[in-house]
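The values are calculated or read from the model by the stated rules, or taken from the named source; none is laboratory data. This is a predicted model, so every value here is computed, not measured. Positions of Cβ are generated from backbone atoms using ideal geometry, with glycine treated the same way; all protein chains shown enter the neighbour counts.
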Amino acid sequence: MIDTKPLQLELAKDLGRHLRAGHPWVFRQALARPPKAPPGEVVDILAGGKFVARGLYDPLSPIAVRVFSLDREEPVDRALFVRRIAQAVALREGLIDPLETDSYRLVHGESDFLPGVVLDRYGPFAVLKLYSAALTPHRADIVDAIREVVPGLTGVLGRDEVGREDDDAGSGTGQVLWGDSPPELVRMRENGLSFWVDLRRGQKTGTFLDQRENRMALRRYARGREVLNCFSYTGGFSVNAAVAGAPKVLSLDSDGDAIALSRKNFELNGVSPAAHEFMIGDVFKWLAQWKQSGRRFDLIVLDPPAFAKSQSKVPAALAGYAAINRAALQLLRPGGILCTASCSARVSPEAFAGAVAEAAGKLGLPLQLLEERGQPPDHPVSVQFAQGRYLKFFVYHLPSEG
């Protein structure tokens, strides 16, 4: 275990109130003298020589310290990980119906008071992501805590994203940390449907669990509508639309492996892929081509990757959201439904809604907002960590008459 005598770090200016209020990050520029210390060193943050918080040091990240405690008597050790993971698991027990859903988030990083730690469950397997080099030396304690606290697991897979702070991280690296190795494809259950998921190479921890409730919400709009699912990945929205009664669903993604898995997921749920369309290609190019050819749809889903992975990219991201929503709206039949999402934490719900309004305004279309949705309750948001509210999912209606 790391040295139990914490290194003391003084804040460069009075930011102690933010930490005392519960914000979990200390940026490097906030430290008076960043130390030469290894990743994972336990450090105490001081303001005016007085204790403020205790955390783990990361020399490789702009986030120099992730805060784990405001109690100077509480060590950052295995017992802390056991307590925090147990608290997170207990919350999920009241949120998830195990008969309908066996795959969900168990630990949501900062919002579950374990900054940089993400743990997702897929039936008997758990996938652990550590988003900071500060956590790597503590991985064994975290895995031991998972084994002690989470019932029914047969294996834990690790897929770290060290050095990445974005909210739409990619594949990471896969290694078995404990127990059985997952098969090439794991069958997961979500709101009564089943999906194949690749835990080693799939996006995030295998798939986008944060859209679970939004995929189910799509069912109420899909019956009898011709659906276009852009950035469809492995067909989560597509399958939900098809089982709800959409006569034709077109799934479009640039990843051929994801499209192949989409077909398998249709079959897995008793829906013939032959009745639907699957295309590999660039979404922007196809939207432009369909505009020219006159192809139209009754329901369009836009769930793109994050457009803003740094604050400096936000203006360009908003322009991108306006452009892609404008392109989609030009393909939407009157009376149609647009379901549009943003997973960029740095783009606020108000700014995202403004981008959609800009798109509709330039086309002279009178959109109606039917639902404003976000992430499900197994992805909670700490009120002291606004970055945790990252997912926006808006449902709009295009009236038949303006």
Query raised in the report: Pick from Gly320, Gly294, Gly270: which is closer than 30 Å to Arg189 by Cβ and free of Cβ contacts under 8 Å to residues at least 60 places away in the same chain?
Result: Gly270
Report task. Take Ile324 and decide whether it is β-branched (Val, Ile, Thr), modelled with pLDDT of 95 or more, closer than 30 Å to Arg201 by Cβ and touching a Gly at 6+ places or on another chain (Cβ under 7 Å). Result -> no
Query raised in the report: Is it fair to say Ile300 is in a strand (DSSP E or B), out of contact with any Lys or Arg (no Cβ under 8 Å at 6 or more places or on another chain), assigned by TED's automatic domain parsing to the domain that holds Arg219 and within 21 Å of Met216 (Cα to Cα)?
Result: yes
Report summary line: Here, strands (runs of 3 or more DSSP E) confined to segment 18-65 with at least 2 residues that are of a type in the set (Val, Ile, Thr) and within 24 Å of Arg78 (Cβ to Cβ) are 42-47
Requested in this report: Within segment 275-297, work out how many residues are in a strand (DSSP E or B), more than 13 Å from Leu331 (Cβ to Cβ) and of a type in the set (A, V, I, L, M, F, W, C).
Outcome: 3
Query raised in the report: Which condition does Leu80 not pass, out of (1) touching a strand residue (DSSP E or B) at 6+ places or on another chain (Cβ under 9 Å); (2) touching a residue at least 24 places away in the same chain (Cβ under 8 Å); (3) closer than 19 Å to Ala134 by Cβ; (4) not in a strand (DSSP E or B), if it passes all the others?
Result: (2)
Query raised in the report: For Ala345, are the conditions met, namely being in a loop (DSSP other than H, G, I, E, B), in contact with a Cys (Cβ under 7 Å, 6 or more places away or on another chain), at pLDDT below 95 and closer than 25 Å to Thr207 by Cα?
Result: no
Query raised in the report: Considering segment 209-230 alone, what residues qualify as being surrounded by 21 or more Cβ atoms within 10 Å (Cβ to Cβ) and assigned to a loop (DSSP other than H, G, I, E, B)?
Result: Arg225
